[in-house]
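Report on one structure; see the data block that follows.
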Amino acid sequence: MTKRIDIAQTQTAALTAMMSVENYLAETRLSTALKELIKIRASMINQCAYCIQMHTEVALKAGISPQKLFAVSAWKESPLFDDTERAVLALTDELTHVSHAGLTDSTYQECLELLGEEQIAQAIMQVIMINAWNRFSIATKMTH
């Protein structure tokens, strides 16, 4: 593998800006479980091994069962997810695959009904941020 740049070293202001968004997300009312499900699902779609490893470890420590984590890749067929988790996972899928159809009105409305305006905004920001981190990690071939 060819060594890639270390953006944290060469562009510290960019990393500082990303961490500012992370600090905002840490203070949101969105549950840790929902945040980690978003991060894991988007990372699976983007095939970001680094982020999958990191966020499954956090999810396990937060009390999400291994069985539920194993089912994230097949959440639509799994009975392990409640209505809110399903809505947030649909939001994650649609925003991660944004070029396919964007965020559909039906998914948006379902999330709005279950989460309210404040938390749907927070969920959207969480999806945006993990997608940014996935791209950061994949572009630089992050390993630690």
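From the residues 42, 98, 109, which one has its Cα farthest along the dipole of segment 1-125 in the positive direction, the dipole being from +1 and -1 charges on Cβ of Lys/Arg and Asp/Glu about the Cα centre?
42
What length, rounded to one decimal in nm, is gained on full extension from residue 7 through to residue 82, with 0.36 nm per residue of separation minus their alpha-carbon distance?
Working: separation 75, 0.36 × 75 = 27.00 nm, distance 3.82 nm.
My answer for the length gained is 23.2 nm.
Using a cut-off of 30 Å between alpha-carbon atoms, which lysines can reach residue 68, once sequence neighbours fewer than 8 places away in the same chain are excluded?
35, 39, 76, 141
Around residue 106, what is the net charge, scoring Lys/Arg as +1 and Asp/Glu as -1 over all other residues with Cβ under 15 Å from its Cβ? Write down the numbers at each step before the final one.
Details: positive: 76, 86; negative: 83, 93, 94, 105, 110, 113.
Charge balance in the 15 Å sphere: -4.
Roughly how many Å² of residue 83 are accessible to a 1.4 Å probe, to the nearest 10?
Ignoring ligands and nucleic acids, residue 83 comes out at about 100 Å².
Determine the calculated [θ] at 222 nm for the chain from helices alone, applying -39500 (n - 2.57) to every DSSP H run no shorter than 4 residues and normalising by the residue count; nearest 500 deg cm²/dmol.
Numbers: 8 runs with 107 residues, N = 144.
Here the helix-only value at 222 nm equals -23500 deg cm²/dmol.
What label, among (1) 48; (2) 56; (3) 38, belongs to percent of Cα pairs over 20 Å apart computed from the structure on display?
Of the listed options (1) 48; (2) 56; (3) 38, (1) comes from this structure.
Using 1/(1 + (r/R0)^6) with R0 = 22 angstrom and r between the beta carbons of residue 17 and residue 45, what's the FRET efficiency to the nearest 0.05? Spell out each step's value before the answer.
Numbers: r = 24 Å, r/R0 = 1.09.
Approximately 0.35, to the nearest 0.05.
Would segment 71-122 count as rounded, prolate or oblate if I go by the C-alpha gyration tensor, calling it rounded below 1.5 in a/c and otherwise prolate when a/b exceeds b/c, oblate otherwise?
Oblate is the answer for segment 71-122, as a/c is 1.5 or above yet b/c matches or exceeds a/b.
Quick one: if you stick a label point 7 Å off each Cα along the C-beta vector at residue 140 and residue 58, how many nm between them?
1.6
With contacts defined as alpha carbon pairs under 8 Å and 6 or more residues apart, what's the relative contact order of segment 1-106 in percent? Don't skip to the end; give the middle numbers.
On the way: 63 pairs, mean separation 24.1, N = 106.
Relative contact order comes out at 23 percent.
Roughly to the nearest percent, how much of the accessible area of the chain is carbon and sulfur, given a 1.4 Å probe?
On the way: 4580 of 8220 Å².
Looking at the chain in its full context, I get 56 percent from C and S.
Around residue 80, under 14 Å between beta carbons, what's the net of Lys plus Arg minus Asp minus Glu among the other residues? Numbers along the way, then the final one.
Working: positive: 41, 68, 76, 86; negative: 77, 82, 83, 85.
Neighbour charge sum, excluding residue 80 itself: 0.
Find the centroid of the Cα atoms in segment 1-58 and in segment 74-98, then give the distance between the two in whole Å.
19
Just to verify a number: FRET efficiency for residue 26 and residue 118, C-beta to C-beta distance, R0 = 25 Å, to 0.05?
Numbers: r = 16 Å, r/R0 = 0.62.
Computed FRET efficiency for residue 26 and residue 118 comes out at 0.95.
For segment 81-128, give the magnitude of the charge dipole about the Cα centre (Cβ charges: +1 Lys/Arg, -1 Asp/Glu; no others), in debye to the nearest 20.
On the way: 1 positive and 10 negative charges, 41 e Å.
The calculation lands at about 200 debye.
The values are calculated or read from the model by the stated rules, or taken from the named source; none is laboratory data. None of these values were measured; they are calculated from a predicted model. Note that we place each Cβ from the backbone using ideal geometry, even for glycine, and neighbour counts take in every protein chain shown. Just so you know, the surface numbers come from the protein's heavy atoms only, side chains and all, with ligands and any DNA or RNA stripped out. Shrake-Rupley method; radii C 1.70, N 1.55, O 1.52, S 1.80 Å.
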